[in-house]
Amino acid sequence: MPVIVVANPKGGVGKSTLSTNLAGWFAAAGHPVMLGDVDRQQSTRTWLSLRPPNLPAIQGWDVDQDDVVRPPKGTTHVVLDTPAGLHGKRLDAVMKLADKVLVPLQPSLFDIHATHAFVRELQAHRRGGKVKIGLIGNRTREGTISADQLHKFLETLDVPLVAFLRDTQNYVHLAARGLTLWDVAPGRVQRDVEQWVSLTDWIETE
């Protein structure tokens, strides 16, 4: 069962947006997928509660009477969103579950420096190199100084750039209704779906 973790200890970099749309892509492909939040508050449940029932199903954690959380029976794919401040033992626990880790960051000086340290920490925690790590340039505008800085930063890390996702209100409007790129007419989000091709290709590679 592939487990994709979306992580960055810095808040506001688009982890939840990436997580929900990744789960939506799995669901649209017919996979029984679970979207979970490593935070005990289970904030992804709010987004799931907005999702129309006629769309491809995305499940949340099953929580039993002892507050133990686990994927629902029949789940074949798991996407885990993570809270800000993910470090230490909590990061260790997540890395034991992960097959792949996606690290979204925005092209700002603060994101770049925080993410550099986090990627080094991820590399130290992954199980003998078995966990694949990829970077997502989020809310980027090509041709800007900040995008150029991000490109230069990525060259200093031995981690692939999986995709650049543009700054658009499409994600905001869709999230407000429990939707993803894969739940609306392709023509409405064609440019965004095209940017996801390299990301989904990376997810599908062994």
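Output the residues belonging to the stretch 184-202 that are over 13 Å from residue 136 (Cβ atoms) and touching a Pro at 6+ places or on another chain (Cβ under 8 Å).
Answer for the stretch 184-202, where residues must be over 13 Å from residue 136 (Cβ atoms) and touching a Pro at 6+ places or on another chain (Cβ under 8 Å): just 193.
State all residues of the stretch 130-155 that are part of a helix (DSSP H, G or I), of a type in the set (Lys, Arg) and crowded, with 16+ Cβ neighbours inside 10 Å; if no residue qualifies, say none.
If the condition is that a residue be part of a helix (DSSP H, G or I), of a type in the set (Lys, Arg) and crowded, with 16+ Cβ neighbours inside 10 Å, then no residue fits.
Being of a type outside the set (Ser, Thr, Tyr), modelled with pLDDT under 85 and not in a helix (DSSP H, G or I) is the filter here; which residues of the stretch 88-112 pass it?
106, 107
Somewhere in the stretch 183-204, is a residue touching a helix residue (DSSP H, G or I) at 6+ places or on another chain (Cβ under 7 Å), farther than 30 Å from residue 55 by Cβ, of a type outside the set (Ser, Thr, Tyr) and free of Cβ contacts under 8 Å to residues at least 60 places away in the same chain?
No.
Could you grab the pairs with beta carbons closer than 8 Å, sequence gap of 6+ or different chains, first residue in the stretch 156-173 and buried (at least 16 other Cβ atoms within 10 Å of the Cβ), second one among the aromatic types (Phe, Trp, Tyr)?
What qualifies is 162/202; 163/196; 163/202; 165/196.
For the stretch 156-171: of the residues being under 17 Å from residue 114 (Cα atoms) and either in a strand (DSSP E or B) or among the aliphatic types (A, V, I, L, M) (or both), which is modelled with the lowest pLDDT?
Here the answer is 157.
Hey, residue 117 hits all of (1) more than 15 Å from the chain's Cα centre (by Cα); (2) exposed (fewer than 14 other Cβ atoms within 10 Å of the Cβ); (3) not in a helix (DSSP H, G or I) but one; which does it fall short on?
Tallying (1) more than 15 Å from the chain's Cα centre (by Cα); (2) exposed (fewer than 14 other Cβ atoms within 10 Å of the Cβ); (3) not in a helix (DSSP H, G or I), residue 117 fails exactly one: (3).
Among the residues of the stretch 1-18, write down those that are outside any helix (DSSP H, G or I) and crowded, with 18+ Cβ neighbours inside 10 Å.
Result: 3, 4, 5, 6, 7, 8, 9, 10, 13, 14.
For residue 200, state whether it is within 15 Å of residue 22 (Cβ to Cβ), β-branched (Val, Ile, Thr), surrounded by 19 or more Cβ atoms within 10 Å (Cβ to Cβ) and modelled with pLDDT of 95 or more.
No.
Filter the stretch 23-57 down to the residues that are surrounded by fewer than 24 Cβ atoms within 10 Å (Cβ to Cβ), aliphatic (A, V, I, L, M) and more than 17 Å from residue 177 (Cβ to Cβ), then identify the one that is modelled with the lowest pLDDT.
Here the residue is 38.
The values are calculated or read from the model by the stated rules, or taken from the named source; none is laboratory data. Keep in mind it's a predicted model, so treat the numbers as computed, not measured. Reconstructed Cβ throughout: ideal geometry from the backbone, glycine too, with neighbour counts over all protein chains shown.
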